[in-house]
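Taking it in order: structure first as structure tokens, then the write-up.
The values are calculated or read from the model by the stated rules, or taken from the named source; none is laboratory data. Worth saying up front: this structure is predicted, and the values here are computed from it rather than measured. Note that we place each Cβ from the backbone using ideal geometry, even for glycine, and neighbour counts take in every protein chain shown. All accessible areas refer to the heavy atoms of the entire protein, side chains included, with ligands and DNA or RNA removed. Shrake-Rupley method; radii C 1.70, N 1.55, O 1.52, S 1.80 Å.
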Amino acid sequence: MKTSWRTASLVATAASVLALTTACGQDNSTTPASAAQNVGATAPAGSPTTGAGVGRGNGYGADGNQSSSSPSPAASAGKLTVAANPDLGNVLTDGSGLTLYRFDKDTANPPKSNCAGDCATTWPPVPASDATAGAGVDKALLGEVTRADGTKQLTIGGWPAYRYAKDVNGGDVNGQGVGGKWFALAPDGKKASLASLPGLSVRKDPKLGNIIVNKNGMTVYRFLKDKAWPKVISNCTGACLVKWPAVGIVKPDDTQGVKKKGLMGFTRPDGVQQMTVNCWPIYTFSGDKAPGDTNGQGVGGTWYAVTPDGKPVGAPGK
């Protein structure tokens, strides 16, 4: 801290605060084929974690001086989850909610990390030892790669996974696009982007929990006045359908994390083809303007976001 002496008798100080298409009732779920080695139980021998950082000129995206202390063991991965980002769509996060990244200089087939030394200080490799798949994450895509130092690093779809030293809070994506080579990971191992979202997928909302979103990352809803059995019936018509647009048909293989039972489409009396989850018609809300919005939740006591198994979130008696 710097001190400025204004007079011989007065000292002033300053401080800052950093602050499909199956019949209703039938389960057509399938087990995806594994494209990568399952995560093993080998404990990491200790890899670099977030430190004081390195100079901005090193090309890795950190600033400050290189820490002289010995690197401490990297934080565990925990249960991987999916977070919705307004600009990137579904982003993969670790058990603490921190964004995971991939590096363009790495390879996925075969998996290989080309980030070591100062790079691995700025971009700590994610250990593979305890990583598990949460909602919206295909466990078959979780694998591991042995780094040059002998530690096991988590891979997603073959791509080695990293955190970023300058991400402090859950939801931070400060590493996105750094050096034109670092990108947030989508749940399938691709670079996160709105264009890469499946037709229907699952994201973890901080208030509502795991809910379904469409290909644009917009929240999907159910109408309590609709019916699912013995015949699918939508009771949202006319002006209602303008306010609550019907979600169009989505192929079962274009979904991620959504229960396959009752995942099918039907043709409405007005000729519009609409998708169902667990045989219930689904909609978006015109009042939601960006991915992550849930302005339709609880509207009129009849509209609710949808869980991966088709239930309305927070609906009375449901």
Subject >> Of all residues making up the stretch 104-113, the number that are open to solvent by 10 Å² or more (accessible area, probe 1.4 Å) and in contact with a strand residue (DSSP E or B) (Cβ under 7 Å, 6 or more places away or on another chain) >> reply: 4
Subject >> Checklist (1) modelled with pLDDT under 95; (2) of a type outside the set (Asp, Glu); (3) within 23 Å of Lys231 (Cα to Cα) applied to Lys289, failing item >> reply: (3)
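So which strands (runs of 3 or more DSSP E) stay within the stretch 101-168 end to end and still have 1 or more residues that are basic (Lys, Arg)?
The qualifying strands (runs of 3 or more DSSP E) are 101-103, 152-156.
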Subject >> Residue check, Lys204 under 18 Å from Lys311 (Cα atoms) and more than 15 Å from the chain's Cα centre (by Cα) >> reply: no
Original post:
How many residues does the stretch 301-312 contain that are in a loop (DSSP other than H, G, I, E, B) and either open to solvent by less than 20 Å² (accessible area, probe 1.4 Å) or on the phi > 0 side of the Ramachandran plot (or both)?
Top reply: 1
Original post:
Considering only residues of the stretch 270-300 that are open to solvent by 40 Å² or more (accessible area, probe 1.4 Å) and among the small types (Gly, Ala, Ser), which is nearest to the chain's Cα centre (by Cα)?
Top reply: Ser286
Original post:
Can you name the residue in the stretch 87-104 that is of a type outside the set (Asp, Glu) and touching a helix residue (DSSP H, G or I) at 6+ places or on another chain (Cβ under 9 Å) and is also nearest to Val126 (Cα to Cα) among such residues?
Top reply: Tyr101
Original post:
What pairs can you find where one residue is in the stretch 304-318 and basic (Lys, Arg), the other is at pLDDT below 95 and surrounded by fewer than 14 Cβ atoms within 10 Å (Cβ to Cβ), and their Cβ atoms are less than 8 Å apart, with a gap of 6+ or different chains?
Top reply: Lys311/Lys318
Original post:
Counting only residues that are farther than 13 Å from Trp303 by Cβ, of a type in the set (D, E, K, R) and surrounded by 13 or more Cβ atoms within 10 Å (Cβ to Cβ), how many does the stretch 224-258 have?
Top reply: 3
Original post:
What is the one condition in (1) modelled with pLDDT of 95 or more; (2) over 15 Å from the mean Cα position of the chain (by Cα) that Ala184 does not satisfy?
Top reply: (2)
Original post:
Among the numbered criteria (1) at pLDDT 50 or above; (2) more than 17 Å from Lys152 (Cα to Cα); (3) part of a loop (DSSP other than H, G, I, E, B); (4) not charged (D, E, K, R), which single criterion is violated by Thr81?
Top reply: (3)
**OP:** Identify, from the list Thr122, Thr132, Thr93, the residue that is crowded, with 23+ Cβ neighbours inside 10 Å, closer than 23 Å to Gln256 by Cα and hydroxyl-bearing (Ser, Thr, Tyr).
**Re:** Thr93
